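Engineer: Mind looking over this structure? Questions follow.
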Amino acid sequence: MEERRKSKRTDLKSRLLVKRLDSGKQEEIGVDVVNVSKTGIGFVCDELLDMGAVYEAYLTIWTKEVIHAFIEIVRIEKDADTYDYGGLFIGMPEIDSQRIEVYNTVSEADRYGR
């Protein structure tokens, strides 16, 4: 598969609560974050979400802070009993993008022994 990511992604063990914006339902769905970059996120979920749909999300990052974001689903892959998703952050404030970029930089430095 061709790599199309614009930013480097780093593993992040976290939970993400998502809520669809264009639906009348206010159902929250828990997902497991696999990796994150300043432009997007990869996650796994038991529920089938809609391609192209935008979800409101609350991402708990490594500092235990919560980032409020909107995610557009751009990739879906079925994997056994779960779904593997790729999403783009939409309208994320620059300060939150920078938090993620700092985490990616520190994680990479740790990996190579600084």
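Engineer: Quick check on my filter: what residues within segment 24-68 are among the small types (Gly, Ala, Ser) and within 17 Å of Asp84 (Cβ to Cβ)?
Structural biologist: Gly30, Ser37, Gly40, Gly42, Gly52, Ala53, Ala57
Engineer: Could you check, for segment 12-35, whether at least one of its residues is open to solvent by 20 Å² or more (accessible area, probe 1.4 Å), in contact with a helix residue (DSSP H, G or I) (Cβ under 9 Å, 6 or more places away or on another chain) and either modelled with pLDDT under 85 or not small (Gly, Ala, Ser) (or both)?
Structural biologist: no
Engineer: Being more than 26 Å from Glu108 (Cα to Cα) and of a type in the set (A, V, I, L, M) is the requirement here; does Ala57 meet it?
Structural biologist: Answer is no for this residue.
Engineer: Consider Ile41 carefully, then state whether it is surrounded by 13 or more Cβ atoms within 10 Å (Cβ to Cβ) and hydrophobic (A, V, I, L, M, F, W, C).
Structural biologist: Spelling it out, Ile41 is indeed surrounded by 13 or more Cβ atoms within 10 Å (Cβ to Cβ) and hydrophobic (A, V, I, L, M, F, W, C).
Engineer: Then there is this: Which of the residues that make up segment 54-85 are open to solvent by less than 40 Å² (accessible area, probe 1.4 Å) and under 14 Å from the mean Cα position of the chain (by Cα)?
Structural biologist: Of everything in segment 54-85, those that are open to solvent by less than 40 Å² (accessible area, probe 1.4 Å) and under 14 Å from the mean Cα position of the chain (by Cα) turn out to be Tyr55, Glu56, Ala57, Leu59, Ile61, Ile67, Ala69, Ile71, Ile73, Tyr85.
The values are calculated or read from the model by the stated rules, or taken from the named source; none is laboratory data. What you are looking at is a predicted structure, and each value in this text was computed from that prediction instead of being measured. Cβ coordinates were reconstructed from backbone atoms using ideal geometry, including for glycine residues, and neighbour counts include every protein chain displayed. Just the protein is used for accessible areas: all its heavy atoms, side chains included, with ligands, DNA and RNA removed. Shrake-Rupley method; radii C 1.70, N 1.55, O 1.52, S 1.80 Å.
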